[in-house]
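The values are calculated or read from the model by the stated rules, or taken from the named source; none is laboratory data. As the structure is a computational prediction, the values presented were derived from the model and not from experiment. Methodologically, a virtual Cβ is constructed for each residue, glycine included, from the backbone with ideal geometry; neighbour enumeration extends over all protein chains shown. We work out accessible area using only protein heavy atoms, side chains counted, and drop any ligands, DNA or RNA first. Shrake-Rupley method; radii C 1.70, N 1.55, O 1.52, S 1.80 Å.
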Amino acid sequence: QVQLVESGGGLVQAGGSLRLSCAASGRSFSSYVVGWFRQAPGKEREFVAAINWSAITYYADSVKGRFTISRDNAKNTVFLQMNSLKPEDTAVYYCAAKLHTLSVSPRVYDAWGQGTQVTVSS
């Protein structure tokens, strides 16, 4: 089982950028699918992006073209580069990990970080 720690959140103006990091501990991190999810107050947790062991990626329509997920297996870290941020991107962002196939469902991810707050002001 991997342990995950997110960092990089903060307050940014609309149109700005942030890069989130998800640092993992544990063996065989490169074998894991890592997903980013977000949860705004009063809303359900929603899928943002995911990347598998061979760097195949998948994005939610709402972030496609603005966000980029990548991984550095040598550093056991997955990144989420967020550009052209909008106020509706405001949420707590979580990274999560699972084995095998990419998935957009948070229910199938086994390990979760504690979350990092992203606030986009208008």
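The table below lists the values:
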item	result
Number of the exception - Arg66 against (1) farther than 23 Å from Ser122 by Cβ; (2) modelled with pLDDT of 95 or more; (3) touching a helix residue (DSSP H, G or I) at 6+ places or on another chain (Cβ under 9 Å); (4) open to solvent by 20 Å² or more (accessible area, probe 1.4 Å)	(1)
Of all residues making up the range 13-45, the number that are in a strand (DSSP E or B), basic (Lys, Arg) and either in contact with a Lys or Arg (Cβ under 8 Å, 6 or more places away or on another chain) or open to solvent by less than 50 Å² (accessible area, probe 1.4 Å) (or both)	1
Filtered residues of the range 95-122 (kept if open to solvent by less than 60 Å² (accessible area, probe 1.4 Å) and in contact with a Ser or Thr (Cβ under 8 Å, 6 or more places away or on another chain))	Tyr109, Thr116, Val118, Thr119, Val120
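Okay, residues lined up against (1) charged (D, E, K, R); (2) assigned to a strand (DSSP E or B); (3) closer than 14 Å to Ala23 by Cβ:
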residue	(1), (2), (3)
Phe47	no, yes, no
Tyr58	no, yes, no
Ser62	no, no, no
Ile69	no, yes, no
Leu80	no, yes, yes
Leu85	no, no, no
Ala96	no, yes, yes
Thr101	no, no, no
